[in-house]
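The values are calculated or read from the model by the stated rules, or taken from the named source; none is laboratory data. Everything quoted here is computed from the prediction, not taken from an experiment. FYI the Cβ positions are ideal-geometry reconstructions off the backbone, even for glycines, and counts take in every protein chain you see. Note: accessible area is taken over every heavy atom of the protein model, side chains too, but ligands, DNA and RNA are not part of it. Shrake-Rupley method; radii C 1.70, N 1.55, O 1.52, S 1.80 Å.
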Amino acid sequence: VQLQASGGGLVQAGGSLRLSCAASGKYFRSLGWHRQAPGKQRAFVANIDAGGNPNYADSVKGRFAISRDNTKNTVYLQMNSLKPEDTAVYYCHALDALLAHYWGQGTLVTVSS
């Protein structure tokens, strides 16, 4: 099982970034993202099930959009109207049919004010 995340970087406040995570090795009932800001615990950002139903943390609703390509087993996170408080390491997360958790390597998103 492998989760390969990409797309992080440096952006000014108000800008946009798109994260991608390609999952391989098995079927995942849910794919999504968590993030960990400096000095804080890892927190849920968004996820999406195999049927395309999304869930979002309140802090990103209306600004972030998660989508999933089941043919590529890839999940995307379109992040718009970024704020400095969105600065964090973003981790791809997957949940398989038996509810086992998998994590990808983090990708750093830095939003400058």
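Only one of 29, 18 is assigned to a strand (DSSP E or B) and over 14 Å from the mean Cα position of the chain (by Cα); which?
Being assigned to a strand (DSSP E or B) and over 14 Å from the mean Cα position of the chain (by Cα) holds for just one of 29, 18, which is 29.
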Among the numbered criteria (1) of a type outside the set (Ser, Thr, Tyr); (2) part of a strand (DSSP E or B); (3) open to solvent by less than 40 Å² (accessible area, probe 1.4 Å); (4) under 14 Å from residue 19 (Cβ atoms), which single criterion is violated by residue 95?
-> (4)
Which residue out of 75, 89 is in a strand (DSSP E or B), out of contact with any Cys (no Cβ under 9 Å at 6 or more places or on another chain), among the β-branched types (Val, Ile, Thr) and modelled with pLDDT of 95 or more?
-> 89
Please name all residue pairs, on different chains or six or more residues apart, with Cβ atoms under 8 Å, provided the first residue is in region 41-64 and is farther than 22 Å from residue 29 by Cβ and the second residue is open to solvent by less than 50 Å² (accessible area, probe 1.4 Å) and assigned to a strand (DSSP E or B).
-> 63/79
Restricted to region 46-90 and to residues being closer than 13 Å to residue 20 by Cβ and of a type in the set (Ser, Thr, Tyr), the residue surrounded by the most Cβ atoms within 10 Å (Cβ to Cβ) is 90
